[in-house]
1. When you take every Cα atom in the range A:378-427, what is the radius of gyration, and what is Dmax, the widest Cα pair distance, in Å?
2. Rounded to two decimals, what ratio of Rg to Rh does the range A:2-190 give with C-alpha atoms and a Kirkwood Rh?
3. Report the semi-axes of the equivalent ellipsoid for chain A in whole Å, largest first, where each axis is √(5λ) for an eigenvalue λ of the Cα gyration tensor.
4. Please sort by residue number the GluC sites (Glu not before Pro) in the range A:343-408 whose DSSP state is loop and whose Cβ has at most 10 other Cβ atoms within 10 Å.
5. Can you sort A:Y276, A:Y84 by how many other beta carbons sit within 10 Å, fewest first?
6. In what order do A:D517, A:D347 fall by count of nearby beta-carbon atoms within 10 Å, going from fewest to most?
7. Hey, any idea what the orientation-averaged projected area of the convex hull of the range A:201-322's Cα atoms comes to, in nm²?
8. Within the range A:225-306, report the GluC sites (Glu not before Pro) that DSSP leaves as loop and that have at most 14 other Cβ atoms within 10 Å.
Amino acid sequence: MSAEMEIAGRREESAEEPSLYRIRHSAAHVMAQAVLEMFPEGKLAIGPPIENGFYYDFDLPRSLTPDDLEKIESRMREIIAADYPFEYRVVSAEEARELFRDQPYKLELIEGLERGQDEYGESGSESTVISTYRHDSFEDLCRGPHVESTGRIPAEGLKLMSVAGAYWRGDERRPMLQRIYGTAWHNREELEQHLWRLEEARRRDHRRIGRDLDLFSVQEEVGPGLVLWHPKGARIRRELENFIVDAEERAGYQHVYTPHIGKLDLYKTSGHWQHYRDSMYSPIEVETEEYILRPMNCPHHIMIYKSSLHSYRDLPVRIAELGTVYRFEKSGELTGMSRVRGFTINDAHIFCRPDQLKQEFIGVMELIQELYSAVGFRDYVYRLSLRDPEDREKYVEGDEMWDNAESAIREALDEIGAEYEEARGEAAFYGPKLDIMVRDVLGREFAASTNQVDFYLPERFDLEYVDADGSRKRPVMIHRAPIGSLERFFAFLTEQHAGAFPVWLSPVQAVVIPIADRHVGYAEEVARRLREAGVRVEVDSRNERMNAKIRDAQMQKVPYMLIVGDREAQADSASVRLRSGEDLKAKPVEEIARMICDDVRERR
RNA sequence: GCCGACGUAGCUCAGUGGCAGAGCAACUGUUUCGUAAACAGUAGGUCGUCGGUUCGAAUCCGACCGUCGGCUCCA
């Protein structure tokens, strides 16, 4: 968040056009004034500028309605029109406490400021100056900066978007506040552009495309968060799976199959039960034993490793599986295919010597880059999640192991020249991790891939290898999932291509469109020959006009439309239309087969 | 899980206490067509579920289920 704010702050600072950061920050103050006028007893939390706009959190006596939002917005326009100057002043902690004596959240913020924390409660390098900004009757604890006066906020670039719940300080044990989100831009055009982008994002949403293209469904009768892959979605998934397994076998992974359930004791040994019980399904009693739906594949893979003795020369051992797991995600967290309760991880566990860690991580990153470039993924960032050395309770012990693992990943990143951000305190409890972050069409950030070093499980399962001197040593484990879950990856892929999957992934690669009934026989013949060449092809023999068939194929994002009429039947050809709208004119059937097969081979 | 909104035909949506609707899709028939929607007809509904108020509920109230937007969480 802070990075985005800096970007907004750096932008076009000039006398005639204030930065979006200032505009949004100021809009938040104006909104807070309007809300407080409506609810004089309301309590204020924080109201920062964010990407695309701003928000402010309030503790109010009742829930806000869309109606309220309209009223607040029109009051904001009045305050803007009145052009009140923003006045800055520095106050002492005592003054501040007096000023905000009826504002408990502000008092908490003041306390934090005294301890050198920012408004999110993070200890930062900010100076501990306490300051306020005042306009009209409204004064807020704030470090600024703001526009000179409310009139500099472009009223025509402003819009309140939604109201949502948000916990104070992001802590679910603390009160839930009401957050009003607004968007603000320099002018009406920019606002409209932004609204258009949101509209466009909705059109690309994988949930909508999944239904329109008949790729998958999630049905109440089956259960929330449980995905049904329809034939066309399954076709795409199968292509992806084949591609991944091939690439991994080339990279030295050994693929296995293991069952979806296992004894509860196995997950007690692994520690998952103790740590993640709340998001695991309840045990199933079978005879006298308890079994659970597995939330992770690692214990099964570990047991494969343990089934034989390993020499130091055999390492690394890389056990891979497209492993299906089940996790109880809270109901409010489910989203289409990107957050579900049963999913298949592109999983593997690498068992290696400590000195191989860096090299193995490099291998993992190279694999990720290979896979991502093949599916046209460019827009991603690496995030290195480290432990918080001050929070010792959250992580397994072993400073030396942590340091080694963290530096192994860092060195691997440096060696392949990857840029990355570091996230302190974001490591798993058993080791640091490297996430690949991507954004969905609505700009929400997700981890597409999670890769972790683990020195905890080898300990728990007492894993060993025999070293050169004959002594028993402890291997290190890497959990790695280059594309994370197939479900989530599929969601990204769908949104990225807006449903127009590359030819090699398209469930239907070509539709043959006969112009009139008398051409159906020839169309079938063309389809048969393409099918023999390995093309996924259908004939649209419905009683519809050619234009309607083209439109339907176009909306189904079929890459090749092959129109056949009298001329084509005569010439042993088909007229090729691409989904881009391009007309390649008539081409011999053999050539068309070659074109499509080339696309598939080149993964276009 | 928490806050809020929403749930009517396959899809998009209208209907705010008095006979459940439209467009598209589907099906049937006519048409046999040259690069994004032919024409006509037919069928399709426990208005998310359960309970309550009422002479009467899609409509008002309650609970539950689900979806959406956030928050929290994500091994």
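What follows is calculated from the coordinates using simple rules that are stated; it is not laboratory data. Fair warning: this is a prediction, and the values are worked out from it, not measured in the lab. Don't worry about glycine lacking a Cβ; one is built from the backbone with ideal geometry, like all the others, and counts go over all protein chains shown.
1. Every Cα atom of the range A:378-427 included, Rg and Dmax give 12.1, 38 Å.
2. Ratio value, two decimals: 0.93.
3. 48, 39, 21
4. Taking the range A:343-408 and a limit of 10 other Cβ atoms within 10 Å, the loop GluC sites (Glu not before Pro) found are A:E390, A:E397.
5. A:Y276, A:Y84
6. A:D517, A:D347
7. Reported value for the Cα convex hull: 11.5 nm².
8. Here the GluC sites (Glu not before Pro) that fit, given the DSSP loop and packing criteria, are A:E287.
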